[in-house]
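Working notes, structure below.
The values are calculated or read from the model by the stated rules, or taken from the named source; none is laboratory data. All figures in this text were calculated on a predicted structure; none of them were measured in a lab. A quick note on method: Cβ atoms are made from the backbone with ideal geometry, for glycine too, and the neighbour counts reach across all protein chains shown. Just so you know, the surface numbers come from the protein's heavy atoms only, side chains and all, with ligands and any DNA or RNA stripped out. Shrake-Rupley method; radii C 1.70, N 1.55, O 1.52, S 1.80 Å.
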Amino acid sequence: MDYTNPSLTVISSQVQAGAVRWRSPSNIALVKYWGKHGDQLPQNPSVSFTLSGAASDTTLRYSARKEAGEGVALELYLDGALNPAFTERTQKYFQRLLPIYPFLKQLSFRIETSNSFPHSAGIASSASGMSALAMCLVDLESKLFEAFPDDATMLHKASYLARLGSGSACRSVYGGAAVWGKLNGLEGSSDEFAVDVADRLHPTFADYHDDILLISKSEKSVSSRAGHGLMDGNPYAEARYGQARRRTEEMLTVLKNGDLERFGELLESEALTLHALMMSSHPSYMLIEPNTLKAIQAVRLFREQTGHPLYFTLDAGPNLHLLYPDSIADPVKSFIREHLLYFCEDKMYLADRVGKGPEALEVSEA
Ligand code: DP6
C-alpha cells in the first residue's frame, strides 16, 4: 500500500477554518505485538479486542496558515492545558505524514484531547490517542478533498496512519476485534494496517468483559518503544515471533468456536511470555509488581474453586486485565470487590467491555 500523494495540497486562501472530532477506544491485545522493524512494522501478527470505556476524545481544529513554513504548525492541549511533550511528539508525527498529506504544512492546527480514564491510572493512552487523531485526519482529508468511496477504505487508511503513530493504535479503528500483521489464511491482512475480524467472533465474545485492576498508577520505568527495541538483542526473539504467528492463527480459531478454556490458556501464556521477554532482555527489566503476582494467584485459585472461565492478561505494565463472559459477571464482580481490590492502588479498578470502535462527535465551540 502506498499512500504517498503529492497532489493533496490546498489553496490556502480557499480553506475555511473548521474542526473535526472523534472518540476512539483503547484495545487489549490477546496475542501481543512485541518487537518491530523498519518503519513501524511488526515482527509478528497480533490480535486484540477493541474496548469501549477506555477512550480518547480528540478535536482537531484547523485554519489556513498565514505563511507556509517547512515545519508543521501545531499545538496540543491535554485536558485543556498546553502539553509541550505531546506537542513535540505530534509535530514529528505530522512531519512524517507529509509525503501522504502535504497539506499538513499549509494549515495550522490546535489539537484538544482528553482521556476517559484518569491520567494517572497507569493505562497507556497511545492506542486510543493515536487512533482518535488518525480518524480526525482521514475525516479532514474527506472534508478538504473527496469523500472516501466507502467506510472500509477510510478505515484502512486511518489504520495505516495510526500505525505510524503507535503500532497497537492501528487495531483500535475497528470495533470488536482486529488483527494486525500478515497472516496466512486471513485475506487482506497486512503488516501495514489492521483488519477487522469482528464478524468472526463467537457470540460469547461480542460483549466480553475486561476489568482492569489498577495495581499501580505510576508511570512505567521502561517505555514500550524501548521494550520493542530490546527485542533486537533478545536470545528468544526468533522463537517468540514464530510462536506469536501460530498463536494468532489459533486465537482466530478459538474466537470463532468459543472454546473459553483454550482462549484463556493462550491469553495467560501471552501475558506471561511478554513479561518473560522483558526479564530476559539485556538489560533486563521488570514491570510486574508483587501485587500483580498475588492477584494472578488469586484469579487462578478462584478458577479452580468455581470452574468459572475467568482469565487474565497484561499490557506492558503491572495492571491486570480480567477477561470473562457476561454470564459470570455477578460472581466475578463480587470476587474483585472482596478479594482483589486489596491489591490495587487506592482500591481502584476500571470496568470495561468489548466495544464498537471509533465514533464521530459534534464539535464544541472553541
Ligand atoms: C504490550 O503500540 O505501545 O501493548 O508502536 O512503539 O507505540 P509503539 O508500541 P505500542 O506497543 C504495544 C505493546 C503491547 C502489546 C500490544 O498491544 O500488542
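If you filter the stretch 94-167 for GluC sites (Glu not before Pro), then keep DSSP loop positions with at most 16 other Cβ within 10 Å, what is left?
Loop-located and lightly packed - Glu146.
For Tyr62, Tyr101, give the ranking by accessible area with the largest first, probe 1.4 Å.
On the way: Tyr62 20, Tyr101 0 Å².
From most exposed to least exposed: Tyr62, Tyr101.
If amide hydrogens are placed 1.01 Å from N in the peptide plane, which non-local residues have theirs closer than 5 Å to the one on Phe117?
Amide H neighbours of Phe117: Ala55.
Calculate the radius of gyration of the Cα atoms of the stretch 268-344 to one decimal place, then report Dmax, the largest Cα-Cα distance, as a whole number, both in Å.
According to the Cα coordinates of the stretch 268-344, Rg and Dmax are 13.4, 43 Å.
Might you report the magnitude of the Cβ-based charge dipole of the chain about its Cα centre, with Lys and Arg at +1 and Asp and Glu at -1, to the nearest 20 debye? Please list the in-between numbers first.
Numbers: 35 positive and 44 negative charges, 117 e Å.
For the chain, the charge dipole is close to 560 debye.
Would you mind working out the accessible area per residue for the chain, using a 1.4 Å probe, and quoting it in Å²?
44 Å²
Mind checking the full-extension length gain between Arg200 and Ala239? Use 0.36 nm per residue of separation minus the Cα-Cα distance, one decimal, nm.
11.3 nm
Counting only protein heavy atoms and using a 1.4 Å probe, what share of the accessible area of the chain belongs to carbon plus sulfur, as a whole percent?
50 percent
Amide H to amide H, which residues 5 or more places from Asn44 or on other chains are under 5 Å from it, using H placed in the peptide plane?
Distant-sequence amide H within range of Asn44: Trp34.
If you average 1/r over every pair of different alpha-carbon atoms in the stretch 1-122 and take one over that average, what Kirkwood value in Å do you get?
It is 16.7 Å.
So if I restrict to the alpha-carbon atoms in the stretch 201-298, what is the Rg, and what is Dmax, the biggest pairwise distance, in Å?
Cα radius of gyration and Dmax of the stretch 201-298 are 15.5, 43 Å respectively.
Can you give the relative contact order of the stretch 18-366 as a percent, counting alpha carbon pairs under 8 Å and 6+ residues apart?
24 percent
Provide the descending list of Cα extents for the chain along its principal axes, expressed in whole angstroms.
Largest first, the chain extends 69, 43, 43 Å along its Cα principal axes.
Per residue of the stretch 199-211, what does 6.51 cos²θ - 1.76 cosθ + 1.60 with θ = phi - 60° give for ³J(HN,Hα)? Whole Hz please, x for Gly and Pro, Karplus curve as stated.
For the stretch 199-211, the Karplus-derived couplings read 6, 9, 7, 4, x, 4, 8, 4, 10, 4, 9, 9, 9 Hz, x marking Gly and Pro.
Working out 0.36 nm times the residue gap between Glu67 and Ser327, then minus their Cα-Cα distance, what length gain in nm do you get to one decimal?
Working: separation 260, 0.36 × 260 = 93.60 nm, distance 5.93 nm.
Length gained between Glu67 and Ser327: 87.7 nm.
Could you work out the local net charge near Asp57, counting Lys and Arg as +1, Asp and Glu as -1, over the other residues with Cβ closer than 9 Å to its Cβ?
In short, +1.
Please compute the length gained on full extension between Ala226 and Ser334, using 0.36 nm multiplied by the number of residues separating them and subtracting their Cα-Cα distance.
35.1 nm
Using a Gaussian network model on the chain with a 10 Å cutoff between Cα atoms, which of Thr50, Thr292, Thr153 fluctuates the most?
Of Thr50, Thr292, Thr153, the most mobile in the Gaussian network model is Thr153.
Most fluctuating residue of Glu219, Glu67, Glu75 in a GNM of the chain with Cα springs under 10 Å: which is it?
Top of the fluctuation ranking is Glu67.
Which of Ser218, Ser159, Ser52 moves the most in a Gaussian network model of the chain with Cα springs under 10 Å?
In the Gaussian network model the winner is Ser218.
Considering only Cα-Cα distances, which of the following residue pairs are longer than 20 Å: Lys32/Lys294; Lys294/Lys333; Lys105/Lys143?
On the way: Lys32/Lys294 23 Å; Lys294/Lys333 18 Å; Lys105/Lys143 17 Å.
Over 20 Å Cα-Cα: Lys32/Lys294.
Compute the signed sum of charges (Lys and Arg +1, Asp and Glu -1) over the other residues within less than 15 Å, Cβ to Cβ, of Ser26. Walk me through the numbers before you get to the answer.
Details: positive: Arg23, Lys32, Arg171, Arg353, Lys356; negative: Asp57, Asp210, Asp211, Asp315, Asp352, Glu359.
The answer is -1.
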